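Contents: one structure, followed by commentary.
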Amino acid sequence: MELTEDTARRFAAIALGHVARPFPYKDDHVFTGPEDLRLPQAAHPVFFGSFDWHSCVHGWWTLLTLRRLYPDMPEAAQIEALADTTFTPEKLATELAYLERPSARGFERPYGWGWLMYLHHEAARHGDKAWGERLEPLARAFAKRLHDYLNILTYPITVGTHFNTAFALVLARRWAIERDPELVTLIDDWATRAFAHRRDYAGWEPGGDEFLSPVLTAALLMSEVLPHLAFAPWFERLVEANGWLERECRSVTVSDRSDGKIAHLDGLNLSRAWCLKDIARALGRTAPDDLLQRRAADHLAAALPHVAGDYMGEHWLASFALLALLPRAAT
């Protein structure tokens, strides 16, 4: 399955329908006093839509990516117009000021951090617009936080939800390659200490509300950190030699898409497909009958029909579907 213009237009329409939709909204905020009472738009005039801050960030990543890849589709003009009125210096200054609150130290850590940096990575590719320049201070602020965080994070967080360390580091590292060599080195050294010794994965996966695979996100990170000759045997020791990939890595079932947590499992199918495809590319295993490619296709087929529908999934799933469908060179 590949990204087509029809699919791109469908994803763009979905994201345009929620990045500026203010309610319902789940706020990640520490109230320090009655003076903190406010509507989400007051604190987050850029990322107040899409049910929550991080989903709005990667909803915008979806829109800008599709605008770059399909500049002539009708939705591209809508994306441009909305971005022009959204990514203003004043609104972004308010987002940055929010981070300066002492109580915001853990705000969106690390999932939203990685996605904001990845959004800036995409915005900077739109040379006809100032979006990248305007987003850069916010991205740099999160990069500084990530520097500090990795220096105190003793152990990786290997859950399948927003706290997952490896997922955020994949996105942050792709941002940092062109902008922050020191952060790349820090991520590589930290990831090597955290994951290079791992083998014989036998985790209890999937969990009932996960949208990330703990082992495949770590493997995707290591595919970008380790040289090929080191990554291939590491990956074999991790999930192939013990049969986990063959036996356990199957698409999952979603019982109730109106339940926000249960709906996470559609995201697990999509994010696994993305990881499996990128890992296969790193290993040079591109044949359709390769196990990694077959597993990726199965996971993608299980989830793509459900990207739109109930808002509990619709406000975020298109981003993960796009990750799974993009050629690696386009990310």
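The values are calculated or read from the model by the stated rules, or taken from the named source; none is laboratory data. This is a predicted model, so every value here is computed, not measured. In this analysis, Cβ positions are derived from the backbone assuming ideal geometry, glycine residues included, and neighbour counts consider all displayed protein chains. What goes into the accessible areas is simple: the full protein's heavy atoms, side chains included, and nothing from ligands, DNA or RNA. Shrake-Rupley method; radii C 1.70, N 1.55, O 1.52, S 1.80 Å.
Worth pointing out:
- Calculated mean residue ellipticity, 222 nm, the chain: -17500 deg cm²/dmol, from DSSP H runs (n ≥ 4) at -39500 (n - 2.57) each, averaged per residue and rounded to 500.
- Partner lysines for residue 277 [C-alpha distance under 29 Å; skip if fewer than 8 residues away on the same chain]: 261
- Evaluated with a Cβ-only charge set (Lys, Arg +1; Asp, Glu -1), segment 115-252 carries a dipole of roughly 200 debye about its Cα centre, given to the nearest 20.
- Here segment 126-153 is scanned for amide nitrogen atoms under 17 Å from the site 7 Å beyond the Cα of residue 99 along Cα-to-Cβ, giving 131-151.
- Calculated accessible area for segment 10-161 comes out at 42 Å² per residue, all protein chains present (probe 1.4 Å; ligands, DNA, RNA ignored).
- Unit charges on C-beta of K, R, D, E only; dipole of the chain, Debye: 400
- Whole-Å distance, taken between Cα centres, linking segment 223-262 and segment 185-210: 11
- With respect to the chain, whose longest principal axis is taken over its alpha-carbon atoms, helix 181-195 is tilted by about 40°.
- Net dipole in debye of segment 55-135 [+1 Lys, Arg Cβ; -1 Asp, Glu Cβ; about Cα centre; nearest 20]: 300
- Kirkwood hydrodynamic radius (C-alpha pairs) into Stokes-Einstein, the chain, 10 °C and 1.306 mPa s, D in µm²/s: 79
- The distance from the alpha carbon centre of segment 106-167 to that of segment 8-36 is 18 Å, rounded to a whole number.
- In summary, the aspartates and glutamates within cross-link reach of residue 26, defined as a Cα separation below 13 angstrom excluding same-chain residues under 8 places away, comprise 52, 108.
- Degrees between helix 264-283 axis and first principal axis of the chain (Cα, 0 to 90, nearest 10): 60
- Rounded accessible area per residue of segment 283-331, 1.4 Å, Å²: 36
- Percent carbon-and-sulfur accessible area, segment 4-111, ignoring ligands, DNA and RNA, probe 1.4 Å: 57
- Using C-alpha pairs under 8 Å with a sequence gap of at least 6, the mean separation divided by the residue count of segment 79-210 gives a relative contact order of 26 percent.
- A crude spin-label estimate for the pair residue 140 and residue 330, with each label 7 Å from Cα along the Cβ direction, gives 3.2 nm.
- Between the Cα long axis of helix 291-303 and the first principal axis of the chain there is an angle of about 40°, rounded to the nearest 10.
- Shown are 3, 317, whose ranking by accessible area with a 1.4 Å probe and every protein chain present, most to least, is 3, 317.
- Candidate residues 170, 252: accessible-area rank, largest first, probe 1.4 Å: 252, 170
- Heavy-atom accessible surface of segment 211-331: percent carbon and sulfur, 1.4 Å: 53
- Partner aspartates and glutamates whose Cα lies under 18 Å from the Cα of residue 129, excluding those fewer than 8 positions away in the same chain, are identified as 72, 75, 80, 84, 90.
- In a fully extended conformation the segment linking residue 199 and residue 286 would gain 28.9 nm over its present Cα-Cα distance, using 0.36 nm per residue.
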